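Here the structure comes first, spelled out in structure tokens, and everything after it is commentary.
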Amino acid sequence: PAASVPEGVTFLHDAAAVIEAVPERLGGHAVIFTGEESEEQIKSVFQMAKPRFVFLKPKSQEGVTYLGRRFFTMLRSFEVTEGIPCMLWFSYPKVAGQDEDDVVIRASADYGSLFVDGFGEGMLWNAEGFTADNLRESSFNLLQASRMRISKTEFISCPSCGRTLFNLQETTAKIQERTGHLPGVRVAIMGCIVNGPGEMADADFGYVGSGVGKVDLYVKYDCVKRAIPFAGAVDALVNLIKEHGKWVEPEEDEEVTAGEAVAVM
Ligand code: SF4
């Protein structure tokens, strides 16, 4: 590197290029592993580079879950790696016939499998054809779904069936629009009281169809308001959230983004 690089800059190395002790510097070092390194290589790179953080950047996405589990299992067996964060860095080149949704599903499986196993502290990704906004939005969705970072309201809805007492999609969209800016709050929207309350997956608040044109509202598993006319039920839900101290006003310029919807049952 040029001598003019400020001392505070962190140098990034490929693990294969770390073959001797690297000089200590204020900004420290970071190392990219492919996940194919042997135990001895990993240990020796950590000893020589003393990285502040590392990346797992596989050569391809094939078998990445197996590769990741193997890599993290080795990392955890070395004392020298303790407390050093590892970011997952995956790449998705454009594939003919696949659209953005296909890539997001693939990325969710790749990152999600490792995150829910407790492997990895952060994510970087390259997805050809994605805009920066798409990547950012998909990243927050993925981090929220795997409980790595809760940045918005979480919605749980039933898949709907013959018992559903209102238009589930429209109602869910309406509730998301009003309440999508409440990080850490879980709202369940269920089509009927037959199975709805039992399937709310520990939601903080429940909106459950209880009769034709009627809705019951729940706080956790307790029904606190019964048979509210459908027309005012979303307002009543918002008031209930306020009464329980979970409401914050959306920032004036903040676009209330629809939170993540998870189907259960
Ligand atoms: S909660 Fe279950 S049974 Fe009730 S409407 Fe939804 S899918 Fe149907």
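Take residue 5, project a point 7 Å from its Cα along the Cβ direction, then tell me which residues of the range 45-73 have their backbone nitrogen under 18 Å from it.
46, 48-55
Go through the range 24-35 residue by residue and turn each phi into a ³J(HN,Hα) via Karplus (6.51, -1.76, 1.60, θ = phi - 60°); whole Hz please, and just put x for glycine and proline.
Karplus values, whole Hz, x for Gly and Pro: 5, 8, 4, x, x, 10, 10, 10, 9, 9, 8, x.
Cut-off under 24 Å on the C-alpha distance; same-chain residues fewer than 8 positions from residue 174 excluded. Which lysines are left, in chain and number order?
Within reach: 152, 214, 220, 225, 242, 246.
Between residue 164 and residue 62, what is the label-point separation in nm under the 7 Å Cα-to-beta-carbon projection?
In this crude label model, residue 62 to residue 164 measures out at 4.1 nm.
With a bin width of 10 angstrom, please list the P(r) values of the range 154-263 as percents of all Cα-Cα pairs, from the 0 bin to the one holding the largest distance.
Spelled out per bin, shortest first, that is 16, 53, 28, 4, 0.
Could you check the spin-label model distance between residue 48 and residue 100? Points 7 Å from the Cα along Cα→Cβ, value in nm.
4.3
Pull up all non-local amide H partners of residue 50: gap of 5 or more, or a different chain, and H-to-H distance under 5 Å with H placed in the peptide plane.
Here nothing satisfies the definition.
Determine the share of the chain's accessible area contributed by carbon and sulfur atoms, expressed in whole percent, with a 1.4 angstrom probe. Before the final figure, lay out the partial values.
Values: 7400 of 14310 Å².
Roughly 52 percent of what the probe reaches on the chain is carbon or sulfur.
Using the alpha-carbon atoms, what tilt in degrees (0 to 90, nearest 10) does helix 168-179 show relative to the longest principal axis of the chain?
On a 0 to 90 degree scale, this one is about 70.
Between residue 156 and residues 5 or more places away or on another chain, which pairs have amide H atoms under 5 Å apart, with H built 1.01 Å from N, and which residues are they?
Result for residue 156 returns 187, 188, 189, 262.
By DSSP, what percent of the beta bridges with both residues in the chain are antiparallel, rounded to the nearest 5?
On the way: 11 of 40 bridges.
In the chain, approximately 30 percent of DSSP beta bridges are antiparallel ones.
Give the residues of the range 15-32 whose amide nitrogen is closer than 20 Å to a point set 7 Å from the Cα of residue 149 in the direction of its Cβ.
Taking a point 7 Å out along Cα→Cβ of residue 149, the residues of the range 15-32 whose backbone N falls under 20 Å are 30-31.
Which ³J(HN,Hα) values, rounded to whole Hz and listed in residue order, are derived for the range 197-203 from phi using the Karplus coefficients 6.51, -1.76 and 1.60 in 6.51 cos²θ - 1.76 cosθ + 1.60 with θ = phi - 60°, glycine and proline given as x?
x, x, 10, 7, 6, 6, 5
Could you tell me the center-to-center distance, by alpha carbons, between the range 167-215 and the range 59-137 in angstrom?
32
Could you work out how far helix 132-145 tilts from the main Cα principal axis of the chain, as a 0 to 90 degree angle to the nearest 10?
70
Estimate the FRET efficiency between residue 126 and residue 16 by the formula 1/(1 + (r/R0)^6), using the beta-carbon distance for r and 30 Å for R0, to the nearest 0.05. Display every interim value, and only then the final one.
Working: r = 20 Å, r/R0 = 0.67.
It comes out at approximately 0.90.
Measure nothing but the geometry: give the 0 to 90° angle between the long axis through the Cα atoms of 39-49 and the longest principal axis through the Cα atoms of the chain, rounded to 10°.
The answer is roughly 80 degrees.
Viscosity 0.692 mPa s, temperature 37 °C: give me the Stokes-Einstein translational D for the chain in µm²/s, with Rh taken as the Kirkwood radius over C-alpha pairs. List each step's numbers first, then the result.
Working: Rh = 21.4 Å.
Here the translational diffusion coefficient equals 153 µm²/s.
Shape call for the range 11-145 from the C-alpha gyration tensor, a ≥ b ≥ c root eigenvalues: rounded (a/c under 1.5), prolate (a/b greater than b/c) or oblate? If you can, show how the numbers build up before the last one.
Numbers: a/c = 2.03, a/b = 1.83, b/c = 1.11.
Note, shape of the range 11-145 comes out prolate.
Under a Cβ-Cβ cut-off of 13 Å, what is the net charge of the residues other than residue 210 that fall near it, where Lys and Arg count +1 and Asp and Glu count -1? Write out the running numbers ahead of the final one.
Working: positive: 163, 214, 225, 226; negative: 216.
The answer is +3.
Ignoring ligands, DNA and RNA, what accessible area per residue does the chain give at 1.4 Å, in Å²?
Values: 14310 Å² over 265 residues.
Accessible surface, normalised per residue, equals 54 Å².
What nm distance separates the two modelled labels at residue 39 and residue 173, each placed 7 Å from Cα along Cα→Cβ?
Inter-label distance under the simple model: 5.6 nm.
The values are calculated or read from the model by the stated rules, or taken from the named source; none is laboratory data. Here the structure is a predicted model, which is why all the values come from computation and not from measurement. Cβ atoms come from the backbone with ideal geometry, glycine included; neighbour counts cover every protein chain shown. For the accessible areas, the whole protein counts, side chains as well, though only heavy atoms, and no ligand, DNA or RNA atoms are used. Shrake-Rupley method; radii C 1.70, N 1.55, O 1.52, S 1.80 Å.
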